[in-house]
Amino acid sequence: EAGVTQFPSHSVIEKGQTVTLRCDPISGHDNLYWYRRVMGKEIKFLLHFVKESKQDESGMPNNRFLAERTGGTYSTLKVQPAELEDSGVYFCASSQNRVKGVGDTQYFGPGTRLTVL
Amino acid sequence: QKEVEQNSGPLSVPEGAIASLNCTYSDRGSQSFFWYRQYSGKSPELIMFIYSNGDKEDGRFTAQLNKASQYVSLLIRDSQPSDSATYLCAVNVGNNAGNMLTFGGGTRLMVKP
């Protein structure tokens, strides 16, 4: 079974440009998460999709970030316009839909390293 | 106060020894606890999860949870150089399926041959 995949693995852009990151979750996983790790800090939650719906976007830093998951399969995260502080590693994770009462097990992709110059 | 705290390390142990990694969390409502291993430049890889107080063993790994003390630990027996990595503690707050994880900063483990 293929794991979570992310594209691109690295992206270097200039401040003010637009970048779109893509995540393909494990097949059959309804839950898709985006996380980010900026240098020297812990991994932080950005948002959570259940199928195509945004379940929780409380971690999105501002309106320069737009996430979509059309059709409930892959997801994109667009940053427009990018700022220097957006640099970091963006991870995607997915999980199966579980019975309420216990946390789900999230499987992480390799991440996209974004550098904004 | 950070929500999930870990000693950043590095924690250095000799090959064959027991490595003990610790994590504390602030939210008493936390329900589920996860340990991930992350090699440099790679994705976090799930090692174990634990929901109930007590110990949970899987091969050389044992997770220990004490909700009263808000403390979760990971023991690695017979440590190998290949265990050298950063170990991330993650906590899931709430009882809905699919909640976000809150991560600690990670503990870097070095196992010396």
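Here, each number is a calculation from the coordinates, and none is a lab measurement. All values reported here derive from a predicted model rather than from experimental measurement. Glycine also receives a Cβ, built like all others from the backbone with ideal geometry; neighbour counts cover every protein chain displayed.
Of note:
- Annotation: aspartates and glutamates with alpha-carbon distance below 18 angstrom to B:LYS112 (same-chain offsets under eight excluded): B:GLU15, B:ASP78, B:ASP83.
- Normalised by 2.2 N^0.38 Å, with N the number of residues, the alpha-carbon radius of gyration of chain A equals 1.02.
- Average partner coverage of B:101-108, which counts Cβ from other chains inside 10 Å: 4
- √(5λ) per eigenvalue of the Cα gyration tensor, the range B:39-79, largest first, Å: 21, 13, 9
- Summarised as an ellipsoid, the range B:49-113 has semi-axes of 24, 15, 10 Å, derived from the eigenvalues of the Cα gyration tensor scaled by 5 and square-rooted, with the largest first.
- Relative pair counts by distance (%), Cα atoms of chain B, 5 Å bins: 2, 13, 24, 25, 20, 10, 5, 1, 0
- When DSSP beta bridges are restricted to pairs lying wholly in chain A, around 90% turn out antiparallel.
- Lys pairs, the range A:1-103 - Cα-Cα below 26 angstrom, 8 or more residues apart or on other chains: 12
- If the convex hull is drawn through the Cα atoms of the protein assembly as shown, its volume per residue in Å³: 126
- Zone residues, the range A:75-95, relative to A:ARG64, backbone N less than 16 Å from point 7 Å out along Cα-to-Cβ: A:77-90
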